[in-house]
1. Based on alpha-carbon atoms only, what is the radius of gyration of the stretch 94-148 relative to the globular estimate 2.2 N^0.38 Å?
2. Which of the residue pairs Lys2/Lys155; Lys65/Lys155; Lys21/Lys137; Lys94/Lys184; Lys44/Lys94 have a Cα-Cα distance greater than 30 Å in the structure shown?
3. For the stretch 125-201, report the accessible area per residue in Å² (1.4 Å probe, heavy atoms, rounded to an integer).
4. Taking only protein heavy atoms into account and a 1.4 Å probe, give the accessible area per residue of the stretch 2-57 in Å².
5. If you average the sequence gap of Cα pairs under 8 Å that are 6 or more apart and divide by the length of the stretch 133-185, what percent do you get for the contact order?
6. Hey, got the dipole for the chain? About the Cα centre, +1 on K and R Cβ, -1 on D and E Cβ, debye to the nearest 20?
7. Using a Gaussian network model of the chain with C-alpha springs under 10 Å, which one of Pro116, Pro81, Pro199 is most mobile by mean-square fluctuation?
8. At most 16 other Cβ atoms within 10 Å and a DSSP loop assignment: could you name the trypsin sites (Lys or Arg not before Pro) in the stretch 124-233 that fit?
Amino acid sequence: MKTIGILGGMGPLATADLFRKIITLTDAESDNEHIEIIVENNTKIPDRTDHIINNGEDPTKHMIKSAIRLEMMGVDVIVMPCNTAHYFYDEIIKYIDIPFMNMIVETANKAKELYPDTKKIGLLATEGTCKAGIYDKVFEQYDLELVKPDEDHQKYVTELIYDIKRGKTDIDLTNFRTTLEALKRREAELFILGCTELPVAFQMFNIDERCIDPTKILACSAIEFVGKNIKSL
């Protein structure tokens, strides 16, 4: 059986969420039927948004180091549960010789498959992901239109993401919910949870919206890549 490598640490909770989703979505009846997974939880990787927005420390070399380490440990495919980190994807793949799944491309494929008649999709993500156009570039190729929060509402999305990173559980969602409503008024028909902390938050607080979870999509794609079946839930 092939092995999955998780290039994680961005953040640790999002890494654990992907690991859990791979386990729970794999059709397996015993420990030995599950997929071998090696997790590189590299918490030394500098903040991706800080580099993109504020010219902070460049995280590229740290991610390259983790990718090479995973390859040397014998994984057959790498997955990276961080949307913003895909800004550096093209640079990372130059240094490895194994497949590295692109979560943004996988998400666009699945969005087109599941919602072929959808015109506008709301993007909930970090400021770095939004400003760098990480989703825009891919979704344009699939003829999908993104609706992003304005500057005032984006800060509420950012606050929620970093509250989850801090491990907070007593979070006031009032302002975040106004962001969702604002995007709906701009004709967003569903939302992409474009930061890997957001699926965690939506589950934690039972936020009931029509959403696409890129972490779950990546988990399913990785399961299929290594030749296992996805469990019907």
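1. Values: Rg = 12.5 Å, N = 55, 2.2 N^0.38 = 10.1 Å.
Compared with the compact-globule rule of thumb, the stretch 94-148 sits at 1.24.
2. On the way: Lys2/Lys155 41 Å; Lys65/Lys155 32 Å; Lys21/Lys137 27 Å; Lys94/Lys184 40 Å; Lys44/Lys94 21 Å.
Correct reply: Lys2/Lys155; Lys65/Lys155; Lys94/Lys184.
3. On the way: 3690 Å² over 77 residues.
Spelled out: the 1.4 Å probe surface of the stretch 125-201, per residue, equals 48 Å².
4. Numbers: 2660 Å² over 56 residues.
Dividing the accessible area of the stretch 2-57 by its residue count gives 48 Å².
5. Working: 22 pairs, mean separation 21.0, N = 53.
Once divided by the residue count of the stretch 133-185, the mean separation gives 40 percent.
6. On the way: 28 positive and 39 negative charges, 23 e Å.
It works out to roughly 100 debye.
7. Pro116
8. Numbers: sites: Lys131, Lys137, Lys155, Lys165, Arg166, Lys168, Arg177, Lys184, Arg185, Arg186, Arg210, Lys216, Lys228, Lys231; in loops: Arg166, Lys168, Arg186, Arg210, Lys228, Lys231.
Filter output for the stretch 124-233: Arg166, Lys168, Arg186, Arg210, Lys231.
The values are calculated or read from the model by the stated rules, or taken from the named source; none is laboratory data. None of these values were measured; they are calculated from a predicted model. Every residue, glycine among them, receives a Cβ derived from its backbone with ideal geometry; neighbour counts consider all protein chains shown. When the accessible area is computed, the model is the full protein with side chains, heavy atoms only, and any ligands, DNA or RNA have been set aside. Shrake-Rupley method; radii C 1.70, N 1.55, O 1.52, S 1.80 Å.
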